[in-house]
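K.L.:
Okay, here's the structure, questions in a sec.
Readers should treat all values here as calculations from the given coordinates under stated rules, not as data from a laboratory. Keep in mind that this is a model prediction, so the values were computed, not measured. Note: ideal-geometry Cβ built from the backbone for every residue, glycine included; neighbour counts use all protein chains shown.
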Amino acid sequence: MKGTLCSVLLCLAALAATATELPQVRIDTGALTGSATGDVETFLGIPYAAAPTGPLRWRAPQQVPAWHGVREAAAYAHDCMQEPYPSDAAPLGAQPAEDCLYLNVWRPAGTKAGDRLPVLIWIYGGGNVNGGASPAVYSGESFARQGVLFVSFNYRVGRFGFFAFPELTREDADHGLLANYGHMDALAALRWVQRNIAAFGGEPGEVTVYGQSAGAGQVYMLLSSPLAEGLFARAIVQSGGMVERPPMHAAHDGSVSIEAAGVNFARRWGIRGTGAGALRQLRALSAQQVTDGLHIGTMAAQSDTFVGPVQDGRIIKESMLKAVEAGREAKVPLLIGSTSADNSRMTARTLDDALATFGAGAELARRAYLTDPSADPQYLIRQMGRDRLYGEPVRYTARTLSARGQSVYEYQFGYVATSMRQEWTEGPPHATDIPFAMNTVRAKYSDQLTAMDATLAQTAHRYWVNFVRTGNPNGPGLADWPRYDPVTDMLMVFGPDGAARAIPDPRRARLDAVAVSAGRAVAEP
């Protein structure tokens, strides 16, 4: 009996010692205890805003109530409510729910308040209808091991994140924050970082915002919104196309306005009228009813009831394109690029139809794209769409900002993971650069990961880490990545052979044709 009692006491003592070794942090709403794995400490599921449910559905993020005692932060909270997309390159790791405004922090083990580490804030993509912070390929462990404090957060997507209704406009008339609730969440998360990141050992003046696809759209919003001033010092944009945002109260290019989409959605559930009673009924719908099967694959079919981000006059006063042209974007270092086989929205059936869309640039396009008589016409059409959606807007951003003296580093990611080369014959698709930049390729490709894959991931990751630390991706042992210069048109290419090298943009003639078709000037070689 005595021996058993001693064993129990020893176990309790060991558990107590383990508990005291767990990392703890006190933020503005209370104390947190995280978890530690080797050389990384993690705090998951930290609320940065109140649950946007009930009367707070379709409201700007509200203050989190303070808590007593120590809150456990050892597991992801819910991702935001959505219909998961079956082919998602980053499947969710947590169950979606409407109560989802949480963020996560990774830091090097032993980090203390006052250590002033650089901070990277990750913003996921998903077409503004899918995505979350919980996928394994979005882990911040590799950044933390390199001395970077990594933050990810959830923002509302679909109709929870981007929605308008006449009564909502009247209800929120005083502060004017309307429709773009997912963008409001991003701003709230960045303000939380400014208030609290020093407690984790981060430096609030050394924050980099980093997004891909719709997350890159969030970064564009932050770069061009007056409400984001002072919240970050650097930016990374992966596969971000500068699109014109439709205005909130008027139809755009023949589509419905966001308020009309809200009215159409209400009618979908038999809700008539546009006043307070109709809004109460909308807020009484279940989360599943509001989602209504919306995901990336069904967006086109639901375009009459979902619009996405709009120009609201407060958060988004103008598109990133207009802000860049007017010099009103945030003056911060920028790392920007896309994949070589990125998304294409070109829907032309024939080459002649596709060339006709270039207008004044049609002849330039013919000479630039039709260089190989044996090339598959549909492949060429997809190239045109990729160049129009990502390639030329990326270059235009780089050219315009670098001409004003800003530090811009452009890249194109052309490497296909070894296990996918039989399937991705045109090059790496949309989002496939993420696990390389984050060095989470093991989570993505598991036992199919090769030494070449891992080596390129380590190389790309070092460039990203260096940029987060200094605003310059270069460092010892890496091939030189020059600042973008419109004259030399040099960009870093992560090539099919696994090498990273800076070369003049091989797409120059094609992108020039796109630029002319868009009415933009072309620099002389």
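K.L.:
Can you check how the C-alpha radius of gyration of the range 347-437 compares to 2.2 N^0.38 Å, as a plain ratio?
P.N.:
Compared with the compact-globule rule of thumb, the range 347-437 sits at 1.29.
K.L.:
Report P(r) for the range 229-317: all Cα-Cα distances, bin width 5 Å, range 0 to the bin holding the largest distance, values in whole percent.
P.N.:
Pairs per bin, as whole percents: 3, 11, 18, 19, 20, 13, 8, 6, 2, 0.
K.L.:
Using only C-alpha atoms and all pairs of different ones, pull out the Kirkwood radius for the range 399-447 in Å with one decimal.
P.N.:
For the range 399-447, inverting the mean 1/r across all distinct Cα pairs yields 12.9 Å.
K.L.:
Scan the chain and report its longest stretch carrying no chymotrypsin sites (Phe, Trp or Tyr not before Pro) that are both in a DSSP loop and have at most 13 other Cβ atoms within 10 Å.
P.N.:
270-525
K.L.:
Oh, and also: Tell me, what is the percent relative contact order of the chain, built from C-alpha pairs under 8 Å that lie six or more residues apart?
P.N.:
Answer for the chain is 13 percent.
K.L.:
Seen from all sides and averaged, what is the projected area of the convex hull of the Cα atoms in the range 19-332, in nm²?
P.N.:
15.8 nm²
K.L.:
Would you mind computing, in nm to one decimal, how far apart the modelled labels at MET420 and MET452 are, each placed 7 Å from Cα along Cα→Cβ?
P.N.:
According to this spin-label approximation, the distance is 1.5 nm.
K.L.:
³J(HN,Hα) across the range 216-224 via Karplus (A = 6.51, B = -1.76, C = 1.60, θ = phi - 60°), whole Hz, x for Gly/Pro?
P.N.:
With coefficients 6.51, -1.76 and 1.60, one gets 5, x, 5, 5, 4, 4, 5, 5, 10 Hz.
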